[in-house]
Amino acid sequence: MSTYVYGIARAGSPRLLPDGLTGVGDPPRPVRALRAGGLVAIASDCPPGLRPKRRDLFAHQRVLTVVSAGGAVLPLRFGSVSADDAAVRAALTEHAALHHQQLDSVADRVEYNVKAAHHEDVILRRVVAESPEIRRLNEATRSGGAAYQDRLRLGELVADAVREREESDARAVEEALRPHAGDSRPGPDGTGRVVNVSYLVGRDEAAGFLAAVDRLREESPQLDLRVSGPLPPYSFVRMEPAEAA
């Protein structure tokens, strides 16, 4: 049976695995520690036919949450599998220096993911209010007195103004939150999304980071700001030994 790996920690981490901790699978597989290179991989047997079902996604997250309470952990993405326990130990040994370095970088830190999108009605009102040309063409269109070329021009002007707003609001989010984080990583772009950024935040600085988010919400009513966290620092970890299931 192949070995499912949840994350990697230092071998000397206290309270690493509480008794009875279980992970993915139905029934859930018992979680165990595999040690090599001064490190420990948090692992279990990998159930056959593993798929990203809600039950197993939550089980993966729960294991990392429990283990991270005892010290820094390098979290692996859901579905990280090695051939067997021996392959995991060999990979720990081969990449020990990289893992120790990354454990230093995420110690006492968590990840917060921040996504922002525009409230469409708010941003359109602002775009119209701030541009006399857009306002003129908009009024002509609403009254039925705009020619086809005027309507086309209105659409182009609005699209350009919204893009400029997206860029300026993305900069505003970065300027407001980056001083409260040790590092940041951009996430995948999404349609209609102004920002998708993950921040690495010290546990002691989390309150200040969240307070900065609240201030940003008050100062930028055009933004729909959503924060996920605290999370294991997925976006700030590079894992060599695991392969996608």
- Using the Karplus curve 6.51 cos²θ - 1.76 cosθ + 1.60 with θ = phi - 60°, work out ³J(HN,Hα) for each residue of region 64-80 in order, rounded to whole Hz, and write x for Gly and Pro. 5, 5, 5, 5, 5, 5, x, x, 5, 9, 8, x, 8, 5, 4, x, 7
- Message: I'd like the distance separating the alpha-carbon centroids of region 31-102 and region 177-229, in whole Å.
- Response: 28 Å
- Which of (1) 56, 37, 34; (2) 75, 39, 30; (3) 61, 36, 32 is the computed Cα extents along the principal axes in Å for the structure on display? (2)
- Query: At Thr65 and Gln101, where each label point lies 7 Å from the Cα along Cα→Cβ, what is the point-to-point distance in nanometres?
  - Reply: 3.2 nm
- Note on the structure: Between Arg153 and Asp19, the two model label points (7 Å from Cα along the beta-carbon direction) sit apart by a distance in nm of 7.9 nm
- Taking all protein chains as present, what is the carbon and sulfur share of the accessible area of region 10-94, in % to the nearest whole number, probe 1.4 Å? 56 percent
- Item | His119 accessible area, assembled protein chains, probe 1.4 Å, Å² | 70 Å²
- Could you give the accessible area per residue of region 81-171, probe 1.4 Å, as a whole number in Å²? 58 Å²
- Note on the structure: Accessible-area order for Thr93, Thr191, largest to smallest, probe 1.4 angstrom, reads Thr191, Thr93
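So what is the 222 nm mean residue ellipticity for the chain from helices alone, if each DSSP H run of at least 4 adds -39500 (n - 2.57) and you divide by all residues, rounding to the nearest 500 deg cm²/dmol? Could you put the intermediate results ahead of the total?
On the way: 7 runs with 103 residues, N = 245.
The per-residue figure over the chain is -13500 deg cm²/dmol.
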- What order, most packed first, do the peptides 85-91, 174-180, 195-201 have when packing is the mean number of other Cβ atoms within 10 Å of each residue? 195-201, 85-91, 174-180
- Query: Which whole-Hz ³J(HN,Hα) couplings does region 213-223 yield from phi under the Karplus relation 6.51 cos²θ - 1.76 cosθ + 1.60, θ = phi - 60°, glycine and proline marked x?
  - Reply: 4, 4, 5, 5, 4, 5, 7, 10, x, 6, 9
- Task: Show the residues, 5+ positions off or on another chain, whose built amide H is closer than 5 Å to the amide H of Leu76.
- Result: Gly7, Ile8
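Taking all protein chains in place and a 1.4 Å probe, what share, in percent, of the accessible surface of region 107-240 do carbon and sulfur account for?
C and S fraction of accessible area: 46 percent.
Relative contact order (percent) for the chain, with alpha-carbon contacts under 8 angstrom and 6 or more residues of separation? It would help to have the intermediate numbers written out before the result.
Numbers: 411 pairs, mean separation 61.0, N = 245.
Contact order relative to length: 25 percent.
Given a cut-off of 22 Å, what percent of all Cα-Cα pairs of region 40-140 lie beyond it? Mind showing how you got there, number by number?
Working: 2784 of 5050 pairs.
Roughly 55 percent, once rounded to a whole number.
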- With each label point set 7 Å from Cα along the Cα-Cβ vector, what nm distance links Asp160 and Ser143? 2.4 nm
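The values are calculated or read from the model by the stated rules, or taken from the named source; none is laboratory data. The shown structure was predicted, so the numbers you read here are calculated from the model rather than taken from an experiment. Note that we place each Cβ from the backbone using ideal geometry, even for glycine, and neighbour counts take in every protein chain shown. Please note that ligands, DNA and RNA were not included when accessible areas were found on the heavy atoms of the full protein model with its side chains. Shrake-Rupley method; radii C 1.70, N 1.55, O 1.52, S 1.80 Å.
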